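For reference, the structure is listed below as structure tokens.
The values are calculated or read from the model by the stated rules, or taken from the named source; none is laboratory data. Note that the coordinates shown come from a computational prediction; the quantities given were computed from them, not determined experimentally. Using ideal geometry, Cβ is built from the backbone for each residue, glycine included, and neighbour counts are taken over all protein chains shown. Each accessible area value is taken on the protein alone, full model and side chains, heavy atoms only, with ligands, DNA and RNA left out. Shrake-Rupley method; radii C 1.70, N 1.55, O 1.52, S 1.80 Å.
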Amino acid sequence: MKTKEVGRPLDRIDGRLKVTGQARYTAEFPVEQAAYGVLVRSTIARGRILAYDTKAAEQTPGVLAVITHENAPKRHPTKEFDPSDKEPSASPTTILVLNTDEVSWHGQPLVVVVAETLDQAEEAASLVRISYAPTEEPARLSMLDQKSEAFVPKKVLNEKPEVKQGNAEEALAAAPVKIDHTYTTPPYNHNPIEAHNTLAYWEGDDQLTVYDSTQYIFGVRKMLSEMFALKEENVRVISAFVGGAFGSKGRAWPHVGLTAMAAKVVGRPVKIDLPRKDMFYMVGGRTPSEQRVALGADAAGKLQAVVHTGLTASSTSNTFAEHFSFVTRHLYASPNFLIQQKLVRLDMVPNTFMRAPGEGIGTFALESAMDELAYALNIDPIELRLRNEPEKDPTMHVPFSSRHLKECFALGAEKFGWHQRNPQPRSQRDGPWLIGQGTASAFYPANKRNAEVKAKLSVDGTAVLQSATHEMGTGTATVQAQNAADQLGLPVEKVRFEYGDSLLPKANGSYGSTTTITVGGAVELACEDLKRQLLRLAVKHPSSPLHEANYDDLEARDNGLFYKDSPTKGETYAAILTREGKNSLQAQASFPPALKEKLEEMAYSFQSFGAQFCEVRVHEDTGEVLVSRWVGVYDCGTILNEKTARSQFLGSVTMGIGMALWEETQWDLRDGRIPNASLSEYHVPVAAGLPRIEVHSLGIPDPHTPLGAHGAGEIAVTGAAAAIANAVYHATGKRIRDLPITPDKLL
Ligand code: MOS
């Protein structure tokens, strides 16, 4: 394929719509007669509802319904999101809130108040009183207190919860140099700018339309069809623009089903737009974790033993054991591995994917430990990593489809000026500020899922591609238009990419940094189908310059098919279609093709890599940490659009900094209340706290993925917190193994 558009830093196609306020987000769709729903949250973490007092709410002007479990229509249980399903449901939990008197977490929605206006609904909701019978046993709210109840789950995502190779504990004991530490990370909440919003209406008893801010249109459709016993095709889900998601919108949280239920009850469209506070309580976030990493090395720094074990939490109604150990399965060579994850159940909102789930917290532990080992060995931390580069994937025992970690460190070290660094901790200062530099590997899998794409090419030289994927601000619509433009040899202005509606061909959820490869692969296949159809039309005609042509001798360019080795020999699509009297041609394709998927998945380990470098300044008297410089270099294949990829990297590093220094969801261990459930108390990164972030990508194509690409959404979160912790150690001589790195831990 000739690339003219792919790689170019094209402005995002929807940029103008967004900055002029014309891009419609879920909450902004004007639907006539829409009523507003407000949810009342539980104030206990575990127990039963005894009674409601809803009289005052019902008498509030404008109120249309006050729905509790006593009068709510019955819904049907839904299957929990299961990543091993080809098309998982987006349901985060098996609990049907408002169809039970049981309270399973603090903040569980217990009542839906529907009114003519939002103010009326809020006023009425504030008047609802609920009495509870708490359980005799206290709520389970602390992961560490529940440690004795920890169990090894059946699976961690789709993988085994344990990997044992050789005898890691023995090798660790025998290793001449070793470190063995525990790293902990707190619960986190996502906080995308756009809240979780849903608008639902019914036509008759069995046609449901839902506008939803989601990363997974077909998963929402599946959940709602199960919940209301509808045929899947009778549920339409629309999600035109999503204002950030980061994993939180991969599940349809309870308000989605409740909006549809409320619309049924009042016989009108209903909107529920979660206030920020409700998002902390009703939208799952990242589990806390406690991880042990023990590394044993020989005197030359070659790893002999790698132990990565630990604990995460999930709720009583979901099983998502966040896969912190995956990074360790693929990053460094060692003859001996002991990897194991355990899980405890807490009375909390179901946890979920968040900003590089698994690797986000896993790299904090592993890459902090590598830095500690580098100091123990007195070897440069980059050199230590290079000495442990594996030939093949160390636990899967297959080659990497593509791996350029060394090149990431080489380029990053040069850009950052790493080799001027004096490794001695506490060796640099600027007045009261202690200065340090740290580095860490980044790592994230390059997975793919399923998508279908329909392509239509018209005689006027335009093409339309359709797939029910999502635009969460990542640039999908832009990069796939660039992809299709090159596949078809059209200018990008002539290509339109449509997404965001379940009436379009099916696509899997946009999470796990999988959309670029998955949708990109389907676009490629659909375009190939079109080109083959066009060639078949042309070869029939002796007068066509393509009469004798073979597909492999041709390329798409200049609005047509031309011989690769003869610049002018060929035919435009318009000429081919006009001769046939056709206005357009269509094709539809699925990615991955089944056989290819099986063979490739087995033959290679598909991973992305990177190197993070940062400088911090730590105030000696106050413990304040500022990140003053950042250089990140990422190895995630071909970059489809330099500008949108760069934005992804910048956003991800920013999230990594937030995770390292500021963010933490506080849980009141007495009752599960979240005292910092607001953006004034939960500190997300802000521009004033960030340095200039410099990011690069190697851009080396992966020979085994569509376009040579990998997703670029999450890799740059990984390793970021470790790079900061390592820099803080270098600055201060204090090793912080417990995130976030707040001033109190440094004083
Ligand atoms: Mo990403 S947390 O898998 O949306």
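Points worth noting:
- Checking each residue in the range 91-107 for being modelled with pLDDT of 95 or more and either surrounded by fewer than 20 Cβ atoms within 10 Å (Cβ to Cβ) or out of contact with any Asp or Glu (no Cβ under 9 Å at 6 or more places or on another chain) (or both) picks out LEU96, VAL97, LEU98, ASN99, THR100, ASP101, GLU102.
- Extreme residue, nearest to HIS255 (Cα to Cα), among residues of the range 57-106 that are among the polar types (S, T, N, Q) and touching a Phe, Trp or Tyr at 6+ places or on another chain (Cβ under 7 Å): SER91
- Checking each residue in the range 582-596 for being in contact (Cβ under 8 Å) with a residue 24 or more places away in the chain and either surrounded by 24 or more Cβ atoms within 10 Å (Cβ to Cβ) or out of contact with any Lys or Arg (no Cβ under 8 Å at 6 or more places or on another chain) (or both) picks out LYS582, ASN583, ALA589, SER590, PHE591, PRO593.
- Of all the criteria given as (1) among the basic types (Lys, Arg); (2) open to solvent by 90 Å² or more (accessible area, probe 1.4 Å); (3) assigned to a loop (DSSP other than H, G, I, E, B), the one not satisfied by ARG16 is (3).
- Only a single criterion out of (1) more than 25 Å from PHE241 (Cα to Cα); (2) open to solvent by less than 80 Å² (accessible area, probe 1.4 Å) is not satisfied by GLU58, namely (2).
- Considering TYR682, TYR729, the condition of being aromatic (Phe, Trp, Tyr), modelled with pLDDT of 95 or more and open to solvent by less than 10 Å² (accessible area, probe 1.4 Å) is satisfied by TYR682 alone.
- Filtered residues of the range 558-577 (kept if open to solvent by 20 Å² or more (accessible area, probe 1.4 Å) and assigned to a helix (DSSP H, G or I)): ALA574, ALA575
- Test: residue in the range 518-530 that is within 16 Å of the ligand (Cβ to nearest atom) and assigned to a helix (DSSP H, G or I): yes
- Count of the range 46-87 residues which are in contact with a Ser or Thr (Cβ under 6 Å, 6 or more places away or on another chain) and in a helix (DSSP H, G or I): 0
- Among the residues of the range 340-364, the one identified as acidic (Asp, Glu) and either within 16 Å of the ligand (Cβ to nearest atom) or within 11 Å of the chain's Cα centre (by Cα) (or both) is GLU359.
- Hits in the range 294-351 - residues which are among the basic types (Lys, Arg) and within 27 Å of PRO254 (Cβ to Cβ): ARG345
- Filtered residues of the range 226-238 (kept if in contact with a strand residue (DSSP E or B) (Cβ under 7 Å, 6 or more places away or on another chain) and either open to solvent by 20 Å² or more (accessible area, probe 1.4 Å) or farther than 23 Å from TYR25 by Cα (or both)): PHE228, LEU230, ASN234, ARG236
- Residue in the range 189-211 that is buried (at least 18 other Cβ atoms within 10 Å of the Cβ) and farther than 30 Å from GLU498 by Cα present: yes
- Verdict on VAL307 being surrounded by 20 or more Cβ atoms within 10 Å (Cβ to Cβ) and either more than 16 Å from the ligand (Cβ to nearest atom) or over 27 Å from GLU600 (Cβ atoms) (or both): yes
- Of all residue pairs spaced 6 or more apart or on separate chains, those with beta-carbon atoms under 6 Å, a first member in the range 210-222 that is at negative phi and a second member that is among the polar types (S, T, N, Q) and within 16 Å of the ligand (Cβ to nearest atom) are ASP212/SER239; THR214/SER239; GLN215/SER510; ILE217/SER239; VAL220/THR214.
- Within the range 343-371, residues that are assigned to a strand (DSSP E or B) sit with their Cβ atoms under 9 Å from residues that are within 14 Å of the ligand (Cβ to nearest atom) and among the aromatic types (Phe, Trp, Tyr), at 6+ positions apart or across chains, in these pairs: LEU343/PHE320.
- If you go through the range 239-277 and keep only what is part of a helix (DSSP H, G or I) and open to solvent by less than 10 Å² (accessible area, probe 1.4 Å), you end up with SER248, LYS249, GLY250, HIS255, VAL256, GLY257, LEU258, THR259, ALA260, MET261, ALA262, ALA263.
- Among residues that are more than 16 Å from the ligand (Cβ to nearest atom), of a type in the set (Val, Ile, Thr) and surrounded by 23 or more Cβ atoms within 10 Å (Cβ to Cβ), VAL220 is not included.
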